[in-house]
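Chemist: One structure follows; several queries about it will come next.
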Amino acid sequence: MLEKLGKKVYGFDSSQLFGELQQVLADKTYLIVMDDVWEMDVEWWTTLCSNFPKRDGKSSCIIITTGNENVANDMGVENSRIHRPDFLNDINSWSLFSKFAFSSNKGICPNPKFEKIGKDIIKKRGGLPLAIKTIEALLAPKIESLASWTQI
């Protein structure tokens, strides 16, 4: 985090890092995003949070993304603040995939064989939009190779 803000912190111990963090954020409104967190050391998290500056009248925010709701619970996130996105149904999953995988053809699959394989692949993604977009990014460049699609 500090290195992204241009700070040289190589060799710092944790107390030096926390001190630097407080100094950098002291007079700022900040948004911190912790993406794709799957495990949480509660003691580390508590120490980290206690070192974020708290100022009256200034709103700052920490956003955590995780596929493990226990991580959010361990962090002390209130249940009402946990966003649980809906899964896409088969039709919307295919629509999302097609929109990008076949963008050169206005989102329409040009070959029924690709459509069958594509729908089978998408079904295995369980309606998760990020998983669908990830597999689309992998397959879209291989639109001419049915063999590449069948290997997934």
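The values are calculated or read from the model by the stated rules, or taken from the named source; none is laboratory data. Since we're looking at a predicted model, the values are computed, not measured. Cβ atoms come from the backbone with ideal geometry, glycine included; neighbour counts cover every protein chain shown.
Chemist: If Trp149 satisfies every condition in (1) in a helix (DSSP H, G or I); (2) closer than 30 Å to Ser15 by Cα but one, which is the exception?
Modeler: Of the numbered conditions (1) in a helix (DSSP H, G or I); (2) closer than 30 Å to Ser15 by Cα, the odd one out for Trp149 is (2).
Chemist: Looking for something in contact with a strand residue (DSSP E or B) (Cβ under 7 Å, 6 or more places away or on another chain) and either of a type outside the set (A, V, I, L, M) or modelled with pLDDT of 85 or more (or both) - is there at least one such residue anywhere in segment 74-84?
Modeler: Scanning segment 74-84, I find at least one residue that is in contact with a strand residue (DSSP E or B) (Cβ under 7 Å, 6 or more places away or on another chain) and either of a type outside the set (A, V, I, L, M) or modelled with pLDDT of 85 or more (or both), so the answer is yes.
Chemist: Something else about it: Collect the residues in segment 76-126 that are among the hydrophobic types (A, V, I, L, M, F, W, C) and under 30 Å from Thr47 (Cβ atoms), keeping them in residue-number order.
Modeler: Answer for segment 76-126, where residues must be among the hydrophobic types (A, V, I, L, M, F, W, C) and under 30 Å from Thr47 (Cβ atoms): Val77, Ile82.
Chemist: If Thr134 satisfies every condition in (1) closer than 30 Å to Trp45 by Cα; (2) at pLDDT below 85; (3) β-branched (Val, Ile, Thr) but one, which is the exception?
Modeler: Condition (2) is where Thr134 drops out.
Chemist: Please determine, by comparing only the residues of segment 36-50 that are of a type in the set (Val, Ile, Thr) and not in a loop (DSSP other than H, G, I, E, B), which one is surrounded by the fewest Cβ atoms within 10 Å (Cβ to Cβ).
Modeler: Val42
Chemist: Output the residue which, of all residues in segment 72-112 that are surrounded by fewer than 12 Cβ atoms within 10 Å (Cβ to Cβ) and part of a helix (DSSP H, G or I), is nearest to the chain's Cα centre (by Cα).
Modeler: Residue satisfying both the conditions and the ranking: Arg81.
Chemist: For segment 14-35, which positions are loosely packed, with under 10 Cβ neighbours inside 10 Å and either over 25 Å from the mean Cα position of the chain (by Cα) or over 12 Å from Met1 (Cα atoms) (or both)?
Modeler: Answer for segment 14-35, where residues must be loosely packed, with under 10 Cβ neighbours inside 10 Å and either over 25 Å from the mean Cα position of the chain (by Cα) or over 12 Å from Met1 (Cα atoms) (or both): Ala26, Asp27, Asp35.
Chemist: Here is a follow-up. So, in segment 36-55, exactly how many residues are of a type outside the set (A, V, I, L, M, F, W, C) and within 14 Å of Leu2 (Cα to Cα)? Spell out the reasoning first.
Modeler: Going residue by residue through segment 36-55, those that are of a type outside the set (A, V, I, L, M, F, W, C) are 36, 39, 41, 43, 46-47, 50-51, 53-55.
Next, from what is left, pick out any that are within 14 Å of Leu2 (Cα to Cα): 51.
The qualifying residues number 1.
Chemist: Moving on to the next point. May I ask you to verify whether Ala131 is at negative phi, loosely packed, with under 12 Cβ neighbours inside 10 Å and part of a helix (DSSP H, G or I)?
Modeler: On the way: at negative phi: yes; loosely packed, with under 12 Cβ neighbours inside 10 Å: no; part of a helix (DSSP H, G or I): yes.
Judged against the criteria, Ala131 is not a match.
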